[in-house]
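The values are calculated or read from the model by the stated rules, or taken from the named source; none is laboratory data. Only a predicted model underlies this, so the values are computations on that prediction, with no experimental measurement involved. Reconstructed Cβ throughout: ideal geometry from the backbone, glycine too, with neighbour counts over all protein chains shown. To get the accessible areas, we keep the full protein, side chains included, count just its heavy atoms, and leave off ligands, DNA and RNA. Shrake-Rupley method; radii C 1.70, N 1.55, O 1.52, S 1.80 Å.
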Amino acid sequence: MKPVKIGILGLGTVGCGTINVLARNGQEIARRAGREIKIVQASARDLKKKRPCPTEGIRLVADPFEIVRNAEVEVVVELIGGYDPARSLVLEAIANGKHVITANKALIAVHGNEIFAAAQKRGVMVAFEAAVAGGIPIIKTMREGLTGNRIEWLAGIINGTSNFILTEMRDRGRDFAAVLAEAQRLGYAEADPAFDVDGIDAAHKLTILAAIAFGIPLQFKQAYIEGISRITRADVQYAEELGYRIKQLAIARRTDGGVELRVHPTLIPQRRIVANVDGVMNAVLVKGDAVGPVLLYGAGAGAEPTASAVVADLVDVVRTLTVDPTNRVPHLAFQPDALSDLPILPMERVETSYYLRLHALDRPGVLADITRILGDLGISIEAILQKEPAEGENVVPIIILTHRVVERNMNEAISRIEQLASIKGSVARIRLEHLNRDWK
Ligand code: HSE
């Protein structure tokens, strides 16, 4: 059989990682795919740059549109990232009858509905395993391995940069800004690191996972997104004292009223395995009604871990080149005409537990005022911790953990507490999830 001819758009970290993996494991990969996979063309901004991968035999071009218009190329691998020109390139590749593989989470989360519709019409595949959690095969697991299940919820640490920052703050007491600068130096962070610390990158990935989990369209704009920049070292320490870790979690959960789609810092009990996923590592916990909780853990970024996912998609595409397009695994797991219109739940209607940190004057009756407000709004307290005032000060930090309550009530409680004359400054709030196996 003739080799399958591939064109790569973008020869950065992942592009080079893909070339290296194919060069090293090519024979074994061909035995799995049934055909040799040959990279014939690749685009790069700087053609003269020295790269840590062999490019002999690959035609290098500066203009990626040359590749999507090249009749010889059967499969296009998009590794440029960002919304544009990636969107135009992918749509043109599809229009030209090429299968597409992409690691671009932003592109799929925001333009995926349009891209999949175009691919469906043209009878080509768009594979995107590398877009979520790097080398972890989470798309394949959910789309194929768990198809017998009704997925109830999933919770993931899917931004390595945020996890690295929170881990370093906890373990070494380092400052946010210094750790972020290191994450950038090590190449973990996005081109614009605000995507990492503000939760946007995790929300892109969560949008994709939720669509596959529940058979809903991609709805990035409906996601609730909160970053990690308001987390202080004191919060990290108080959480530890109470038996919790703070993690930047991406949560999608099916409820009677709609789908929760939220990214925010979250306290998790220390004994949970996900609470111990540290540094740049990623993990996704998926709860299916039949299988129970399934946990996948691995490298969420980096040249070869991401290349591992790209090459797995290449093998999938090559294997299905001869299959009737209507019988392929659907892009988003569910048949395109069988998507559900389950709405996304506004954050105000989400139910969760809370960690509150407030600063109160050290005088009688303060705690009574706070607990009365919480009680009036049906908020039950799970634990309270009052710290000593700092030397020479009469303001004490109070930490409260609550049971589950709808966010709307907690917003009201926080607003009333902040109006008390005995409370100084604003109340810090971090959501808390126990991630029990019986959580539905
Ligand atoms: N900036 C991303 C992260 C890279 O930190 O997880 C992988 O998508």
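Comparing ALA333, THR207, GLY257 along the charge dipole axis of the chain, the residue lying farthest to the positive side is ALA333, per the Cβ-charge model. Counting 0.36 nm for each residue step from ARG185 to ASN25 and taking away their Cα separation leaves a gain of 54.7 nm. Sequence-distant contacts, meaning Cα pairs under 8 Å at least 6 residues apart, place the relative contact order of segment 1-105 at 32 percent.
Residues in the chain average 43 Å² of solvent-accessible surface per residue, probe 1.4 Å, ligands and nucleic acids excluded. For segment 351-432, relative contact order (Cα pairs under 8 Å, six or more residues apart, normalised by length) works out to 49 percent. Per-residue SASA remark: ASP192, around 80 Å² accessible (1.4 Å probe; ligands, DNA and RNA not included). Here the Kirkwood formula puts the hydrodynamic radius of segment 283-440 at 20.4 Å, using every distinct Cα pair.
Mind scanning LYS221/LYS247; LYS140/LYS221; LYS387/LYS424 and naming the pairs with a C-alpha gap bigger than 20 Å? Intermediate results must be reported in sequence, preceding the final value.
Values: LYS221/LYS247 23 Å; LYS140/LYS221 25 Å; LYS387/LYS424 15 Å.
Too far apart for the 20 Å limit: LYS221/LYS247; LYS140/LYS221.
Using a Förster distance of 41 Å, how high is the FRET efficiency between LEU420 and ASP192, based on the Cβ-Cβ distance and rounded to 0.05? Mind showing how you got there, number by number?
Values: r = 39 Å, r/R0 = 0.96.
In this case the efficiency is close to 0.55.
Please identify the trypsin sites (Lys or Arg not before Pro) of segment 12-70 that satisfy two criteria: DSSP loop assignment and at most 11 other Cβ atoms within 10 Å. Which are they?
Details: sites: ARG24, ARG31, ARG32, ARG35, LYS38, ARG45, LYS48, LYS49, LYS50, ARG59, ARG69; in loops: ARG35, ARG45, LYS48, LYS49, LYS50, ARG69.
When the trypsin sites (Lys or Arg not before Pro) of segment 12-70 are filtered for loop state and at most 11 Cβ neighbours within 10 Å, ARG45, LYS48, LYS49, LYS50 remain.
Using Cα positions and a limit of under 20 Å, work out the aspartates and glutamates in reach of LYS50, with same-chain residues fewer than 8 apart set aside. Leaving aside aspartates and glutamates fewer than 8 places away in the same chain, those within reach of LYS50 are ASP63, GLU304.
Computed from the C-beta positions of ASP376 and ASP438, the FRET efficiency with R₀ = 30 Å rounds to 0.50.
Give me the extension gain from GLN335 to GLN219: residue separation times 0.36 nm, minus the current Cα-Cα distance, reported in nm with one decimal.
On the way: separation 116, 0.36 × 116 = 41.76 nm, distance 1.73 nm.
Contour length minus the Cα-Cα distance gives 40.0 nm.
Computing FRET efficiency as 1/(1 + (r/R0)^6) for ALA234 and LEU361, where r is the C-beta to C-beta distance and R0 is 22 Å, gives about 0.75.
Remark: the LYS387-GLU241 segment gains 51.4 nm on full extension, using 0.36 nm per residue and subtracting the alpha carbon distance. Summary of the geometry: segment 27-43 and segment 66-108, compared by the centres of their Cα atoms, lie 18 Å apart. Taking every alpha-carbon pair under 8 Å whose residues sit at least 6 apart, the chain reaches a relative contact order of 16 percent. Computed over segment 138-299, the Cα gyration tensor eigenvalues convert (square root of 5λ each) into semi-axes of 27, 17, 14 Å, ordered from largest to smallest. Listed by chain and number, the lysines whose alpha-carbon sits under 20 Å from that of LYS2, ignoring those within fewer than 8 places in the same chain, are LYS38, LYS98.
Over its Cα atoms, what ratio of radius of gyration to 2.2 N^0.38 Å does the chain give? The partial results should precede the final answer.
On the way: Rg = 24.0 Å, N = 440, 2.2 N^0.38 = 22.2 Å.
Dividing the Cα radius of gyration by 2.2 N^0.38 Å gives 1.08.
Measure off, as a whole percent, the carbon and sulfur share of the 1.4 Å-probe accessible area of the chain, all protein chains present. Result for the chain: 49 percent of the exposed heavy-atom area is carbon or sulfur.
Here segment 64-125 was treated as a single set of alpha-carbon atoms; its pair distances binned every 10 Å from 0 give 25, 62, 13 percent.
Taking only the alpha carbons of segment 267-343, we obtain Rg and Dmax values of 17.2, 49 Å in that order.
Please work out the C-alpha center-to-center distance from segment 136-150 to segment 171-241 and express it in whole Å. Here the answer is 24 Å between Cα centres.
For segment 289-396, the set of GluC sites (Glu not before Pro) satisfying both a DSSP loop assignment and a count of at most 14 other C-beta atoms within 10 Å is given as GLU391, GLU393.
Across segment 351-432, the convex hull enclosing all Cα atoms gives 80 Å³ per residue.
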